[in-house]
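Down below is the structure, laid out as structure tokens.
Quick note: the coordinates plus some simple rules give every number you see, no bench work behind them. Keep in mind it's a predicted model, so treat the numbers as computed, not measured. Virtual Cβ from ideal backbone geometry, glycine too; neighbours counted across all protein chains shown.
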Amino acid sequence: MNSDFTLAIHSLTYLALQLDRMSTSDAISESAGVHPVRIRKVLSLLKRNGFIKSKEGMGGGFIFARDLSDVNLWDIYKITSEGALQPKCPDSNEACLVGANMQRVLFDIFLGAEEHLGEYLKHYTIKDIVDHINKDKCRKA
């Protein structure tokens, strides 16, 4: 799994907590603690997939484009990390029983793992994450 997945969740959650106004990539990057260019790359991906909208110019920025309950973590994983669990096998000795089969066997296992991960991530939406943050905020107050 790559950091784009967590940055996308962070960005969407940030926007979800500010539904009534536009947020800049600079503000989101400051919240995430990463360079604005990294956030802009993720925001571009989220926009291309219809999760957010943007407006350029004065007063512009990014805003959530969907209902928070309609965006689950699997949706985000698929656009940022799908296939990330696939094994990276070096060129193996095809004349060896293990070398000739290892990549295929591991691919099948890891593909199954990703399917299980998907079923799990489908149970969590951006609304759930916002609710967790708000609940934690109340506990700390």
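Under a Gaussian network description of the chain, with springs only between Cα atoms under 10 Å, the residue in Met58, Met22, Met102 that fluctuates furthest is Met58.
Evaluated with a Cβ-only charge set (Lys, Arg +1; Asp, Glu -1), the chain carries a dipole of roughly 580 debye about its Cα centre, given to the nearest 20.
Around the amide H of Thr24, modelled in the peptide plane, lie the amide H atoms of Phe62, all under 5 Å away and 5 or more residues distant in sequence or on another chain. If you take the Cα centroid of region 1-63 and the Cα centroid of region 85-109, the two points sit 38 Å apart. Across region 100-109, coupling constants 3J(HN,Hα) worked out from phi with the 6.51/-1.76/1.60 Karplus curve, θ = phi - 60°, read 6, 10, 4, 4, 5, 5, 5, 4, 4, 5 Hz, and Gly and Pro carry x.
Restricting to DSSP loop positions (anything but H, G, I, E, B) with no more than 12 other Cβ atoms inside 10 Å of their own Cβ, which GluC sites (Glu not before Pro) remain in region 29-132?
Glu56, Glu94
Look at Phe5, Phe62, Phe51 and count the other Cβ atoms within 10 Å of each Cβ; fewest to most, that gives Phe5, Phe51, Phe62. I need the calculated FRET efficiency for the pair Lys53 and Asp108, taking r as the beta carbon distance and R₀ as 41 Å, to the nearest 0.05. The computed FRET efficiency comes out at 0.55. Springs join every pair of Cα atoms under 10 Å in this Gaussian network model of the chain, and among Gly99, Gly60, Gly83 the largest mean-square fluctuation is at Gly99. Sequentially through region 49-59, phi angles give Karplus couplings (6.51, -1.76, 1.60; θ = phi - 60°) of 9, x, 7, 9, 10, 9, 9, 8, x, 4, x Hz, Gly and Pro residues having no value and appearing as x. With neighbour counts taken as other beta-carbon atoms within 10 Å, the residues Cys89, Cys96 rank, fewest first, as Cys96, Cys89. The 3J(HN,Hα) values that the Karplus relation (6.51, -1.76, 1.60; θ = phi - 60°) gives for region 68-79 are, in residue order, 4, 6, 8, 10, 9, 5, 5, 4, 6, 4, 4, 8 Hz. Gly and Pro appear as x. Taking Cα atoms only, the orientation of helix 3-16 departs from the longest principal axis of the chain by about 20 degrees.
In loop segments of region 82-141 as defined by DSSP, the trypsin sites (Lys or Arg not before Pro) with at most 14 further C-beta atoms inside 10 Å of their C-beta are Lys88, Lys122. Derived value for the chain: Kirkwood hydrodynamic radius 16.9 Å. Basis is the mean of 1/r over every pair of different alpha-carbon atoms.
The H on the amide N of Phe51, modeled in the peptide plane, is under 5 Å from the matching H of no residue at least 5 residues off or on a different chain.
Near Lys122, the amide H atoms lying under 5 Å from its own belong to Trp74; only residues 5 or more places off or on other chains count, and H is placed 1.01 Å from N.
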